[in-house]
Amino acid sequence: MKMKLYLLGVLTIALVTSCKDTEKDPDPVPVELEISNIVADKWVEMTLRHLKVQQLKTPTYVSRSLGYIGLTMYESIVNGSIVYQSVAPQLNGLGVLPKLETGKQYDWETSLNAGQAYMIKQMWQHAQLIDNNRIDSLENAIFAERNLIVKDTAIVNRSKRYGLSVAKAIYEWSKTDGGHLGYLTNFDSKYVFPRTSMNWSPPANGQSSVLMPLHPHWGKNRTFTSTNSQLSIPQIIPYSDDVNSAFFKEFKEVYDIQLSLTQTQKEIANWWGDDPSETYAPPGHSYSLALQILRVKKPNLFAAAESFAKVGMSVADAFINCWKCKYTYHSVRPAAYIRKNIKGSFEQFWPEPPFPAFASGHSTQASSAAEALISVYGDNVAFDDMTHVGRPKDIFRNVEYKKRSYTSISQTAIECGISRLYGGIHTRQDNEVGMAEGKKIGANINALSWKK
């Protein structure tokens, strides 16, 4: 069966590089549909494992790393497709990537393998040796397997060189986006933010022990698509302490919900909490959803790569745009507002993260990822989210991490957003605006010309 898949891969590139060959094949698309996604699956699993154990990780930087890792997966194999095409020239300053050698054969699993190994290590250059050794082990194992299947050293080595050349070109481009090695500068002690009761300030007992704002300049980074950088900053309800104001009512709702949280609401808040110190952060959760849906839908290699490229770039752009919004308004979180205006002893269910409230990063990235996945698979996909299954019970909050089941992709974005309201760290406005903005961001990624 493996030999059959290799031959199909060779046939695919032959179809791309020879018009005459294309004319001889009356129905080439089914050939592409049979190329396995197993190598992509293995690398996404490794990506998530690698992310989970990295130190200094933040949702902002994790999103960036997934944008480049996902794009590299797609671009390292796309020239073997008769359906898909490179999106590199359509991105924000990337341009044309390395070309194939005319008339030569390639093994796309080998190309993907080389590109992923390189890019993951470049995104996290300060990873521990044991973590990089795992990457090397997977790369070497797949390379050895492809050699056995292909039985042509020239093809395998050529494919490895090609995947590496694509990854290196994308990495060089990544270094100019404003977020290069951003995990080394998570907090900015010199950033001046408004210190009034109307605005956010770092919480004393929050998610981070560092009393400084997280990545306050992230919103200035380059987005993957120019269309996402051109989106306007959404409007916020004007601040008010008036009990009859729309602003007050937003926070009163958070307070009321916190008084009577159900066990189900607590489980939802915990499931989507995605604390970077314990998980692979919210964008990693979105990448995990993409992997779990892949295992249900079983797309071919090229469609699989499309899904991870779209999700990666969507969550990356989502965090840039969302952070631009957060550090425009420096909007207050519910706890501080409620203690000032409703009840001084208020405590929210989930610890507060170290950045302003509006709009919700969870909602923005979850919505953008859902848009990306829906464009590949459609919305009506039934699947189980196993992302946190196996984590120890949260004794303090009396919550176990049990799988969550969905009948559509959009349900995940809705639940992720509302989880922050249940957690007591976002208002409904934060979530709804984040959802709306995320849809725009994901739609702009989807709007690239992915197919020929």
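The values are calculated or read from the model by the stated rules, or taken from the named source; none is laboratory data. Everything quoted here is computed from the prediction, not taken from an experiment. Positions of Cβ are backbone-derived with ideal geometry, glycine not excepted, and every protein chain shown enters the neighbour counts.
Here are the numbers for the structure shown:
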quantity: Unique match (being within 19 Å of Lys57 (Cα to Cα) and of a type in the set (Val, Ile, Thr)) among Thr153, Thr176, Thr185; calculated: Thr185
quantity: Residues satisfying the stated conditions in segment 402-417, i.e. surrounded by fewer than 22 Cβ atoms within 10 Å (Cβ to Cβ), part of a helix (DSSP H, G or I) and touching a helix residue (DSSP H, G or I) at 6+ places or on another chain (Cβ under 8 Å); calculated: Ser410, Ile414, Glu415
quantity: Some residue of segment 381-396 being touching a residue at least 24 places away in the same chain (Cβ under 8 Å), crowded, with 24+ Cβ neighbours inside 10 Å, on the phi < 0 side of the Ramachandran plot and among the aliphatic types (A, V, I, L, M); calculated: no
quantity: Residue satisfying condition, being in contact with a Phe, Trp or Tyr (Cβ under 6 Å, 6 or more places away or on another chain), in a helix (DSSP H, G or I) and among the small types (Gly, Ala, Ser), within set Ala336, Ala305, Ala318; calculated: Ala305
quantity: Odd one out for Val96 among (1) free of Cβ contacts under 8 Å to residues at least 12 places away in the same chain; (2) buried (at least 20 other Cβ atoms within 10 Å of the Cβ); (3) among the hydrophobic types (A, V, I, L, M, F, W, C); calculated: (2)
quantity: Tyr68 vs. criteria of a type in the set (Phe, Trp, Tyr), in contact (Cβ under 8 Å) with a residue 40 or more places away in the chain and more than 26 Å from Thr176 (Cα to Cα); calculated: no
quantity: Out of Lys326, Lys298, Lys340, Lys310, sole residue that is among the charged types (D, E, K, R) and under 22 Å from Asp256 (Cβ atoms); calculated: Lys340
quantity: Matching option when the condition is surrounded by fewer than 19 Cβ atoms within 10 Å (Cβ to Cβ) and either free of Cβ contacts under 8 Å to residues at least 24 places away in the same chain or not assigned by TED's automatic domain parsing to the domain that holds His50 (or both), among Lys190, Lys168; calculated: Lys190
quantity: Flag for Tyr106 being at pLDDT 95 or above and closer than 29 Å to Gln230 by Cα; calculated: no
quantity: Residue among Thr176, Thr196 that alone is surrounded by fewer than 19 Cβ atoms within 10 Å (Cβ to Cβ), closer than 28 Å to Lys440 by Cβ and among the β-branched types (Val, Ile, Thr); calculated: Thr176
quantity: Residue list for segment 56-85, filter: surrounded by fewer than 19 Cβ atoms within 10 Å (Cβ to Cβ) and either farther than 20 Å from Leu301 by Cβ or of a type outside the set (A, V, I, L, M) (or both); calculated: Leu56, Gln85
quantity: Those residues of segment 218-244 which are of a type in the set (A, V, I, L, M, F, W, C) and surrounded by 19 or more Cβ atoms within 10 Å (Cβ to Cβ), in sequence order; calculated: Trp218, Phe224
quantity: Test: residue in segment 360-371 that is of a type outside the set (S, T, N, Q), touching a helix residue (DSSP H, G or I) at 6+ places or on another chain (Cβ under 6 Å) and part of a loop (DSSP other than H, G, I, E, B); calculated: no
quantity: Extreme residue, modelled with the lowest pLDDT, among residues of segment 5-54 that are in contact with a Phe, Trp or Tyr (Cβ under 8 Å, 6 or more places away or on another chain) and either assigned by TED's automatic domain parsing to the domain that holds Asp317 or not in a helix (DSSP H, G or I) (or both); calculated: Ile35
quantity: Among the residues listed as Phe251, Phe247, the single one being surrounded by 18 or more Cβ atoms within 10 Å (Cβ to Cβ) and free of Cβ contacts under 8 Å to residues at least 12 places away in the same chain; calculated: Phe247
quantity: Contacts under 8 angstrom Cβ, first residue in segment 228-243 being touching a residue at least 40 places away in the same chain (Cβ under 8 Å), partner part of a loop (DSSP other than H, G, I, E, B), 6 or more apart; calculated: Ser229/Asn92; Ser229/Arg222; Ser229/Thr223; Pro234/Ala359; Ile236/Phe358; Tyr239/Met198; Tyr239/Val332
quantity: Selection from segment 177-216 of residues that are more than 12 Å from Pro353 (Cβ to Cβ) and either of a type in the set (Ser, Thr, Tyr) or assigned to a helix (DSSP H, G or I) (or both); calculated: Gly182, Tyr183, Leu184, Thr185, Ser189, Tyr191, Thr196, Ser197, Ser201, Ser209
quantity: Residues satisfying the stated conditions in segment 80-106, i.e. over 13 Å from Lys451 (Cα atoms) and either outside any loop (DSSP other than H, G, I, E, B) or touching a Pro at 6+ places or on another chain (Cβ under 9 Å) (or both); calculated: Pro89, Gly95, Val96, Leu97
quantity: Positions within segment 55-109 being within 23 Å of the chain's Cα centre (by Cα) and acidic (Asp, Glu), in sequence order; calculated: Glu75, Glu109
quantity: Residue list for segment 217-274, filter: over 21 Å from Val433 (Cβ atoms), of a type outside the set (Asp, Glu) and outside any helix (DSSP H, G or I); calculated: His217, Arg222, Phe224, Val243, Asn244, Ser260, Leu261, Thr262
quantity: Conditions (1) surrounded by fewer than 16 Cβ atoms within 10 Å (Cβ to Cβ); (2) over 19 Å from the mean Cα position of the chain (by Cα): number failed by Ala436; calculated: (2)
